[in-house]
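Worksheet for the structure shown next.
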Amino acid sequence: MRHDLTVAGPAFRLRPIGDGDAALVLELRNNPQLNRFLHATSSSLAAQLAWLAQYYERPGDYYFVVERQQDGLPEGVISLYDIDAAGHAGEWGRWILRPGSLAAVESAWLIYRCAFEQLGLDEVYCRTVADNESVVSFHDSCGIAQRTRLPGHFDLDGRRVDAVEHRVSRAAWHDLTPRLEKLAQLTARRLYRA
């Protein structure tokens with residue numbers, strides 16, 4: 001949906017996606033290094049713009065570009081969606097970063113901040129294809145204790161695959177945020193030294 005939420009950390013920020021970012025999404029989604037665990041997508045700019053037009057009309061769906069604070073260079077995309085207003089819960093995903101990006105920890109920290117601090121959610125979950133070991137490991141390394149395997153959860157281009165769901169409650173967020181914030185600050189120092 002169209003929104004005006006922005007959240008910034010020491011090196012990166014999340015800003016609302018727009019039509020001008022369609023080519024970035026296509027670049028990321030059609031990169032064989034990145035799309036192994038994603039649904040196939042069209043390489044057509046017109047199709048991506050049509051998808052964005054539908055997204056703008058969907059309530060409870062917040063799509064962001066992850067960009068560097070220093071120069072506005074886009075590093076990737078991330079979303080909060082399927083927000084259940086009654087249950088105060090939502091899913092984060094559509095997370096794709098350029099190869100070699102240092103934005104992983106900070107973009108995760110920022111999406112949680114958006115969910116808990118700006119949208120007032122009580123719970124956030126992320127579902128990852130179980131075979132995507134590096135992303136599952138990333139969530140584990142954040143210290144997320146609530147982890148569940150969901151057999152046959154995704155239909156990935158005609159085949160059923162398992163997912164791993166990581167859930168963070170508002171109470172757990174208070175325990176996780178100092179760790180993620182510290183890691184984001186360390187990465188920012190590394191980035192600005194480069």
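The values are calculated or read from the model by the stated rules, or taken from the named source; none is laboratory data. The shown structure was predicted, so the numbers you read here are calculated from the model rather than taken from an experiment. Ideal geometry is used to build each Cβ from the backbone, glycine not excepted, and the neighbour counts take in all protein chains shown. We work out accessible area using only protein heavy atoms, side chains counted, and drop any ligands, DNA or RNA first. Shrake-Rupley method; radii C 1.70, N 1.55, O 1.52, S 1.80 Å.
Taking region 4-21 on its own, how many of its residues are of a type outside the set (Ser, Thr, Tyr), over 23 Å from Arg193 (Cα atoms) and assigned to a loop (DSSP other than H, G, I, E, B)?
Residues in region 4-21 being of a type outside the set (Ser, Thr, Tyr), over 23 Å from Arg193 (Cα atoms) and assigned to a loop (DSSP other than H, G, I, E, B): 4 in total.
Taking region 34-74 on its own, how many of its residues are more than 15 Å from Ala23 (Cβ to Cβ), open to solvent by less than 80 Å² (accessible area, probe 1.4 Å) and acidic (Asp, Glu)?
1
When you scan region 144-158, do you find a residue that is closer than 23 Å to Val66 by Cα, touching a residue at least 24 places away in the same chain (Cβ under 8 Å) and open to solvent by 50 Å² or more (accessible area, probe 1.4 Å), even just one?
Within region 144-158, the first condition is being closer than 23 Å to Val66 by Cα, and the residues that meet it are 144.
Next cut, touching a residue at least 24 places away in the same chain (Cβ under 8 Å) only: 144.
Retained after the next criterion (residues that are open to solvent by 50 Å² or more (accessible area, probe 1.4 Å)): none.
No, there is no match, as no residue in region 144-158 is closer than 23 Å to Val66 by Cα, touching a residue at least 24 places away in the same chain (Cβ under 8 Å) and open to solvent by 50 Å² or more (accessible area, probe 1.4 Å).
Residues checked against (1) touching a Leu at 6+ places or on another chain (Cβ under 8 Å); (2) at pLDDT 95 or above:
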position: Arg98; (1), (2): yes, yes
position: Trp109; (1), (2): yes, yes
position: Val124; (1), (2): yes, yes
position: Cys142; (1), (2): yes, no
position: Leu150; (1), (2): no, yes
position: Arg179; (1), (2): no, no
position: Leu183; (1), (2): no, no
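Quick check: is even one residue across region 127-137 outside any helix (DSSP H, G or I) and loosely packed, with under 12 Cβ neighbours inside 10 Å?
No, every residue in region 127-137 fails to be outside any helix (DSSP H, G or I) and loosely packed, with under 12 Cβ neighbours inside 10 Å.
Ser101: assigned to a strand (DSSP E or B), in contact with a strand residue (DSSP E or B) (Cβ under 9 Å, 6 or more places away or on another chain) and touching a residue at least 12 places away in the same chain (Cβ under 8 Å), yes or no? Please lay out each step first, then the result.
On the way: assigned to a strand (DSSP E or B): no; in contact with a strand residue (DSSP E or B) (Cβ under 9 Å, 6 or more places away or on another chain): yes; touching a residue at least 12 places away in the same chain (Cβ under 8 Å): yes.
So Ser101 does not fit the description; no.
Going residue by residue through region 5-23, is there one that turns out to be in contact with a helix residue (DSSP H, G or I) (Cβ under 8 Å, 6 or more places away or on another chain), among the hydroxyl-bearing types (Ser, Thr, Tyr), surrounded by 13 or more Cβ atoms within 10 Å (Cβ to Cβ) and under 17 Å from Gln118 (Cβ atoms)?
There is no residue in region 5-23 that is in contact with a helix residue (DSSP H, G or I) (Cβ under 8 Å, 6 or more places away or on another chain), among the hydroxyl-bearing types (Ser, Thr, Tyr), surrounded by 13 or more Cβ atoms within 10 Å (Cβ to Cβ) and under 17 Å from Gln118 (Cβ atoms).
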